[in-house]
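Worksheet: one structure, shown below.
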Amino acid sequence: MISILIVEDDTTLRGVLQDLLSEDFPCYAVKSAEEALKRLEAAPYSLVLTDISMPGMSGLELLSVIKQKWPDVPVILFSGIDDKEYASGLMKMGAFDYLSKPFAIEQMVQSVSRAIMEHPQLKNDPLVNEDVEASVPARAEHKTGDNSPLFASVQLGGIISLAELLDIVQRGKMNGYIELHWDNTTLMRARESNKFNDATGALDEAVMNCAGWIYLKEGHIIDAVIDETEGSSFWRDAEASLAVLVKLATYIGTGVCAWGFSTGDVVREERLSVRDNSAKLFDIITSHESEEEDSHLVCGADEAVLSHAAAGVM
């Protein structure tokens, strides 16, 4: 049976990778190379994914030990260094693959898939999912920002939901923000759903912005924006912005991707006070569904009144 060991000291990225890969294989995650070696000594693993820069033993040292003790175990390395010569050097040291941060989630899925398909001991495993590459999400264009990237191109609704992602960052006490982008497919589905229409029946202009941001302090939501400029037709207050983002990710999903960025100190104004991210999302969804039910009731009552009036005229 194929099993994967993830070694990453950042709680958020570690959680995202574990949730992603656990869909297909038993997957275990640790926060240090020292813990990884204890795991490898205790039980066999088919594949190791490790960050390079970590407190204590580095990912390069871990690679060296693995190649000595478990030479048949492929190792995929990742770090923030984007350099072809550096990557080539790592491959010569025995790494199966190297990904530079921020890597798209699809890149990691493809790398893991190749490791499984190309490795002689893994490719014959009866539990290998032959269609793993078919589920790779499409990559979207996005702006990188000036902060430390944690994860990239997570397709919401496919691999992981927005609620699950926000639960992971809450547990990881992330300081920073999640950047959401969506495409024309999302807009088309939003129009068809009629869940994003304004009072005139037209698609809410905020949805047309195709981008939004959820800010976090110690993992909790403190702000949400679709446009910073109050005079813009895309602008909504924090509550309304968060509601639009949550409904897009929940009801549409298609084409909605997320990127995560970490910041050292959070200087963002706390326009939202959220103690539990998942509970907040649940409240938004149930509130929206209640509004729809009330709307149907009002429409039904109006039809009855009109029908009664027409009968009186007759």
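Just so it is clear, none of the values below were taken in a lab; they were calculated from the coordinates. Just so it is clear, the structure is predicted and the values come from calculations on it, not from any experiment. FYI the Cβ positions are ideal-geometry reconstructions off the backbone, even for glycines, and counts take in every protein chain you see.
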If I stretch the segment between Asn147 and Ala240 completely, what's the gain in nm (0.36 nm per residue apart, minus their alpha carbon distance), one decimal? 30.9 nm
Most exposed first, judged by fewest Cβ atoms within 10 angstrom, Lys280, Lys173 run Lys173, Lys280
Note the full-extension length gain between Asp265 and Asp72 as 0.36 nm times their separation in residues minus their Cα-Cα distance, in nm to one decimal. 65.2 nm
Under a point spin-label approximation (7 Å from Cα along Cα-to-Cβ), what is the Asp82-Ala279 distance to one decimal in nm? 4.0
In Å, the Kirkwood hydrodynamic radius from C-alpha pairs for region 148-293 sits at 15.3
Evaluate E = 1/(1 + (r/R0)^6) for Lys173 and Glu118, where r is the Cβ-Cβ distance and R0 equals 41 Å; express this FRET efficiency to the nearest 0.05. 0.60
Which percent, nearest 5, of DSSP beta bridges in region 148-293 are antiparallel? 95
Packing-based ranking, highest mean first, of 17-24, 188-195 given that Cβ atoms within 10 Å are counted: 17-24, 188-195
How much length would be gained if the chain were fully extended between Asp9 and Glu230, taking 0.36 nm per residue of separation minus their Cα-Cα distance, in nm to one decimal? 75.7 nm
Reduced Cα scattering model of region 4-135, Debye log10 I(q)/I(0), q = 0.10, 0.12, 0.13, 0.19 Å⁻¹: -0.28, -0.41, -0.48, -1.13
Give the separation of the Cα centroids, region 215-277 to region 42-104, in Å. 34
Between their Cα atoms, which of Lys69/Lys92; Lys173/Lys247; Lys31/Lys67; Lys38/Lys84; Lys195/Lys217 are more than 22 Å away from each other? Lys173/Lys247; Lys38/Lys84; Lys195/Lys217
Percentage relative contact order, region 4-135, counting C-alpha pairs under 8 Å, at least six apart: 19
